[in-house]
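We did not get these values from a lab; they are worked out from the coordinates using the rules stated. Just so it is clear, the model here is predicted, and its values are computed rather than measured. Don't worry about glycine lacking a Cβ; one is built from the backbone with ideal geometry, like all the others, and counts go over all protein chains shown.
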Amino acid sequence: MSSKKRLLLVDDEADLIEILSTVLDSLNDKYIIDTASNGTEALGKIQSEVYELVLTDYMMPKMDGITLTQHIHKISPDTQVIMMTSHSSDEFQETLKNIDLDGYITKPFQVGHIYSIVEDALKYTQEGADAYRTGERVAPPSVTVLLQNLRIDTGARCILLLSDGGYPIEMAGDADGLDVSSISALVAANFLATAELARLLGDTSVFKASYQEGPDYNIYAYRVNESALITIIFGAESKSGIVRYYARKTADKIDPLLDALNDMPDEFVMEGDVDSAIDHEFDQLWE
């Protein structure tokens, strides 16, 4: 196994990302450096790779650094997160404290300073990774059979079983041409954001389902339990009522099979303008 540590640099300023990645790579051959131009792209990479450190900008299109940090804490609790920002007000610094960052640096900064911060942060990186991504925790074969039957019953294109953090646990159907990682992250984020909105409006009932319409495909997500979601991607040939009916029946059957999923971290509270970002990204997935 490689002893190199994997870093993810996230910023919508392409020149800055290029400079940082070049400098860090040239100063130390211990790093494997990936880059992303926004939070949504970063989430897709975090779903498929284990990162020791994420260095992210605060102000970015589609998803800000605070929301991205909340996702990271949910999906990969052992990953260190450092934020870059041009904000330095007392109120902003208090906000950063409340999201449990491992550090932050104010722009403009010297690249050598970034290198020192990265080195210091990685000294405290804990070993370990998300159990779903490493294969330490997997759904039993009986779950796969239930998802396959659900696809047949609904005529859906693809069925996903997701963790609440947006990681695809199991899949049935045709995912060719679909960015499964991004879809999974966005569906989970939308589900949690809508549930939090209901709570803020005084709805104390358990939020069970969400529904999104796209130009070619629709997405219906249904909660199996506090740790998992069934997500059904289907076209106009599938009736939404049938999809909802069989989703509920399948969730009832899967729930007792997922006892190993009950130790997921607590839900995070979504912040920022997530609705417009999710709607935009959802439309883009089918283009």
5 angstrom amide H check on Q80, placed H, neighbours 5+ away: L53, V54
Most to least packed among 183-194, 12-23 [average Cβ atoms within 10 Å]: 183-194, 12-23
Amide H partners (placed H, <5 Å) of T35, local residues excluded: L9
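For a protection proxy built on the mean count of beta-carbon atoms within 10 angstrom, sort 158-169, 247-258 highest first, please.
Output ranking for 158-169, 247-258: 158-169, 247-258.
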Among 237-243, 223-229, the order from most to least packed when residues are scored by Cβ within 10 Å on average: 223-229, 237-243
Proximal lysines relative to K249, as straight alpha-carbon distance under 27 Å, when same-chain residues fewer than 8 apart are discounted: K208, K239
Hits among lysines - C-alpha to C-alpha of K62 under 16 Å, sequence gap 8 or more where chains match: K45
